[in-house]
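The values are calculated or read from the model by the stated rules, or taken from the named source; none is laboratory data. On a predicted model such as this, the values are computed, not experimentally measured, just so you know. Because the Cβ atoms are built from the backbone with ideal geometry, glycine has one as well, and the counts that use them run over all protein chains shown. With ligands, DNA and RNA removed, areas are computed over all heavy atoms of the protein, side chains included. Shrake-Rupley method; radii C 1.70, N 1.55, O 1.52, S 1.80 Å.
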Amino acid sequence: MISISTSTSFSRAHFVSPKVSPNSIKSRSSLRISAACTSTAERPTTGSHTAPTSSLYEVLGIQAGATCQEIKAAYRRLARVVHPDVATNGQRGQTSAGDQFMKVHEAYATLSDPEKRADYDRVLYSRRPTVSFSSLGRSMCTDTIASRFAGYTRRKWETDQCW
Amino acid sequence: MAEPAYTVASDSETTGEDKSSSAFPEIAIGIDVGTSKCSVAVWNGSEVELLKNTRNQKMMRSYVTFKDDIPSGGVSNQLSHEHEMLSGAAIFNMKRLIGRVDTDPVVHSSKSLPFLVQTLDIGVRPFIAALVNNVWRSTTPEEVLAIFLVELKAMAEVQLKRPIRNVVLTIPVSFSRFQVTRIERACAMAGLHVLRLMPEPTAVALLYAQQQQQAVNENIGGASEKIALILNMGAGYCDVAVAATAGGVSQIKALAGSTVGGEDILQNMMRHLLPDSEILFSNHGINEIKSMGLLRVATQDAIYKLSSQTSVQIDVDLGNELKICKVVDREEFEEVNRKVFEKCESLIIQCLHDAKVETKDVADIIAVGGCSYIPKIRNLVMSICKRQELYKGMNPLEAAVCGAALEGAVASGISDPFGSLDLLTIQVTPLAIGIRVEENNFVPIIPRNTTMPTRKELAFTTVRDNQTEVLIVVYEGEGEKVGKNHLLGYFKIMGIPPAPKGLPEINVCMDIDASNVLRVLAGVVLPGSRHPAIPVMEVRMPTVDDGHGWCAEALDRTYGSALDLVTVQKKI
């Protein structure tokens, strides 16, 4: 596990988050290195641990019989909350914002495509309550496949830009 | 030589600290640096306002003149005559040159410009120079852009009465990540911090999203989803986007773009009027530059006139006993530029296809940028969408900069009591990102038009028994062969445990985070194990500097196919 994880992706936090004291930031050129470290325990658990417990409908907070319009509306509603551009405003939860948005988008991408949704529904209903995601196509659950990297990808320190 | 007129951001900023903690966050300004014209806008507390220079212009020419060692740009400088810009002392069209190597056809087509663009055709940056007192003074597109941005910054600071640091810039869709780093570099040279870089049509989409939301707020109609097709064509680039908009959320469905624009139309017309113009002007003598300048101005003028009239009389004396006296009609103009228009058409069709949107579902067609005044462009976008009219709610020349200013306000954390800034753009990747596999094939890992942030992974394997090393070469683009794509970087995985070919699983993961930073991770897993056999490599891209042309060739020469890898055939 990588133990250094700074509070945020550099750019927006500096300008938006009131909690980031400018004194804790040492500027080097145009990029920021935020010194605030959070322990690994605070890092969100990766999608692979949580994904199998909730269906894509639950991710979007909708009924299994939701219409296409409802799916789109739910996606947009959630995007306004979990999209990293929004989620960075004021709160420290950015470490998970990208992951959360990706999860929401993945659910939307599957459910808004009639074919993928039909495939997903078939598996969902036949396997419940123990949903096996491994039987789904990888496009539906990149989380599981990407989980091998999960400990590495969301590293939150920023080095200087490479020019 | 005098010191360059730009200031490079210092390592230890002494001024930034107390300001950023103020209760009022600094509102980032929006800048649209076009190939030919440029504009600046800012959220003034209730709406987007375009800034004007001292000559009361909102649209400023994008060029920098080098004269007596002191460069000055189109923001402050008053040209005595259009021809002064074409005397060899002014550098323009830098947006077409930035981040390109001298093997790039776009660089080659810039060789007919009045300043010096020299190519050695070996994959390094082109040599660019301005004629100052009969001396070719070398510069770079980054430097020219930085000088220009410094002027824009100074102009905005005077008008807004505050220091400007944060900017949202618009960029063409077809810009590679390497070109993006060049833009960032130019901004840093000018002391500007890039808060966001928005593909131009997505800035237009954001303005559209805001307009739709306001319309909904005013007559309390249903906030149903509206799909817009946006064509943004300026002097340098043609970009297309399909965006789904509802409730202030602009969801980009697909992007398409190409380096084709008014400059190509102009050059085609110049060639049409004077067929051997390129040979004539290739040696860049003083007289030739002058003739070329005259031809350029006359041609440009004729093209503008052809937007409102069906034929135009061109009458120009180029000196050296070269005279052009010709009537050109609109049909002829359209025939000369047929390829340009066909390219636009194919971009629109591709974008609609990628967005999986039927033309009947498109609510509004938005055509912006200087070329949107050309009747043929307007007609072709309307005919593809089977419509009779275009969206009228925005100024074609100001839409992109207004969108950038909106994003600047949103990204600065500004909120508006009337909800005018209740906006969000969900961006997609404009180009596919992937790696090189056997036989110089390109395998995308993140396909184009993938919603960002994103993380995708693909499994590869070795091509030889006991292969202990593989080369991960990362490219961006749409070509099936890597040669057609932009090289972003490369690294080697070493210490793969010896095993028969095809056995080690090499996972390559690409991650684009919320700040649009690309990281490439690669790990090796042997069958039966859940854990990486060697430490995972993580590389932030792009890592290449100049000369990516010969970089790829050098890799090929040194390693050949010895360190190749192939995609794992998925068992279904």
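Restricted to region B:273-309, and to residues that are of a type in the set (Ser, Thr, Tyr) and assigned to a helix (DSSP H, G or I), which residue is surrounded by the most Cβ atoms within 10 Å (Cβ to Cβ)? Can you show your working first?
Taking region B:273-309 and keeping what is of a type in the set (Ser, Thr, Tyr), we get B:277, B:282, B:291, B:299, B:304, B:307-308.
Add one more test, that the residue is assigned to a helix (DSSP H, G or I), and what stays is B:277, B:291, B:299, B:304.
On the way: B:Ser277: 22, B:Ser291: 23, B:Thr299: 25, B:Tyr304: 14.
Within region B:273-309, the match that is surrounded by the most Cβ atoms within 10 Å (Cβ to Cβ) is B:Thr299.
Of the conditions (1) among the hydroxyl-bearing types (Ser, Thr, Tyr); (2) free of Cβ contacts under 8 Å to residues at least 40 places away in the same chain; (3) open to solvent by less than 20 Å² (accessible area, probe 1.4 Å), B:Ser224 fails just one. Which one is it?
(3)
Do we find a residue being among the acidic types (Asp, Glu) and at pLDDT below 85 anywhere in region B:530-545? Let's see the steps before the verdict.
Taking region B:530-545 first, the residues among the acidic types (Asp, Glu) are B:538, B:545.
In the following step, the residues that additionally are at pLDDT below 85 were identified as B:545.
Within region B:530-545 (the criterion being among the acidic types (Asp, Glu) and at pLDDT below 85), the answer is yes, since at least one residue qualifies.
Can you run down the residue pairs with Cβ atoms below 9 Å, 6 or more apart or on separate chains, where the first is in region B:268-280 and farther than 16 Å from B:Val327 by Cα and the partner is open to solvent by less than 20 Å² (accessible area, probe 1.4 Å) and among the basic types (Lys, Arg)?
none
Quick one: is B:Glu469 within 30 Å of B:Ala499 (Cα to Cα), in contact with a strand residue (DSSP E or B) (Cβ under 8 Å, 6 or more places away or on another chain) and open to solvent by 10 Å² or more (accessible area, probe 1.4 Å)?
Details: within 30 Å of B:Ala499 (Cα to Cα): yes; in contact with a strand residue (DSSP E or B) (Cβ under 8 Å, 6 or more places away or on another chain): yes; open to solvent by 10 Å² or more (accessible area, probe 1.4 Å): yes.
Answer is yes for this residue.
Listed here are the residues, each with its yes/no results for (1) within 14 Å of another protein chain (Cβ to nearest Cβ); (2) touching a Gly at 6+ places or on another chain (Cβ under 7 Å).
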site: B:Ala235; (1), (2): no, yes
site: B:Thr245; (1), (2): yes, no
site: B:Ser250; (1), (2): yes, no
site: B:Gly257; (1), (2): no, no
site: B:Val260; (1), (2): no, no
site: B:Ile265; (1), (2): no, no
site: B:Met269; (1), (2): no, no
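Need at least 1 residues that are within 26 Å of the chain's Cα centre (by Cα) and among the basic types (Lys, Arg) per element, so show me which strands (runs of 3 or more DSSP E) inside region B:21-65 make the cut, counting only ones lying wholly within it. Spell out the reasoning first.
Values: elements: B:29-33, B:37-43, B:48-50.
Correct list: B:37-43.
Looking for something open to solvent by less than 50 Å² (accessible area, probe 1.4 Å), among the acidic types (Asp, Glu) and closer than 19 Å to B:Gly236 by Cβ - is there at least one such residue anywhere in region B:355-378?
The first filter runs over region B:355-378 and keeps only residues open to solvent by less than 50 Å² (accessible area, probe 1.4 Å), leaving B:355, B:357, B:359, B:362-372, B:374-375, B:377.
When the remaining residues are screened for being among the acidic types (Asp, Glu), the result is B:364.
Next cut, closer than 19 Å to B:Gly236 by Cβ only: none.
No: region B:355-378 contains no residue that is open to solvent by less than 50 Å² (accessible area, probe 1.4 Å), among the acidic types (Asp, Glu) and closer than 19 Å to B:Gly236 by Cβ.
Determine, yes or no, whether B:Gly16 is modelled with pLDDT of 90 or more and within 14 Å of another protein chain (Cβ to nearest Cβ). Before the answer, list the steps.
Numbers: modelled with pLDDT of 90 or more: no; within 14 Å of another protein chain (Cβ to nearest Cβ): yes.
Considered against the rule, which asks whether it is modelled with pLDDT of 90 or more and within 14 Å of another protein chain (Cβ to nearest Cβ), B:Gly16 comes out as no.
Hey, which of the strands (runs of 3 or more DSSP E) in region B:98-205, taking only ones fully inside, have at least 3 residues that are in contact (Cβ under 8 Å) with a residue 24 or more places away in the chain, under 19 Å from B:Lys67 (Cα atoms) and open to solvent by less than 20 Å² (accessible area, probe 1.4 Å)?
Values: elements: B:116-118, B:127-132, B:135-139, B:166-171, B:193-199.
Correct list: B:127-132.
Given the criteria surrounded by fewer than 24 Cβ atoms within 10 Å (Cβ to Cβ), free of Cβ contacts under 8 Å to residues at least 40 places away in the same chain and assigned to a strand (DSSP E or B), does B:Val216 qualify?
Numbers: surrounded by fewer than 24 Cβ atoms within 10 Å (Cβ to Cβ): yes; free of Cβ contacts under 8 Å to residues at least 40 places away in the same chain: yes; assigned to a strand (DSSP E or B): no.
Answer is no for this residue.
Determine which single condition B:Ile349 fails, assuming it passes every other condition in (1) surrounded by 18 or more Cβ atoms within 10 Å (Cβ to Cβ); (2) of a type outside the set (Asp, Glu); (3) modelled with pLDDT of 95 or more.
(1)
Taking B:Gly413, is it open to solvent by less than 40 Å² (accessible area, probe 1.4 Å), within 26 Å of B:Thr451 (Cβ to Cβ) and assigned to a loop (DSSP other than H, G, I, E, B)? Walk me through how you get there before you give the answer.
Working: open to solvent by less than 40 Å² (accessible area, probe 1.4 Å): yes; within 26 Å of B:Thr451 (Cβ to Cβ): yes; assigned to a loop (DSSP other than H, G, I, E, B): yes.
Yes; evaluated as a whole, the condition is true for this residue.
Residues in region B:390-406: is at least one touching a residue at least 60 places away in the same chain (Cβ under 8 Å) and β-branched (Val, Ile, Thr)? Reasoning before the result, please.
Within region B:390-406, the subset touching a residue at least 60 places away in the same chain (Cβ under 8 Å) is B:391, B:393-394, B:397-406.
From what is left, the residues that are β-branched (Val, Ile, Thr) are B:401.
The answer is yes; a qualifying residue exists.
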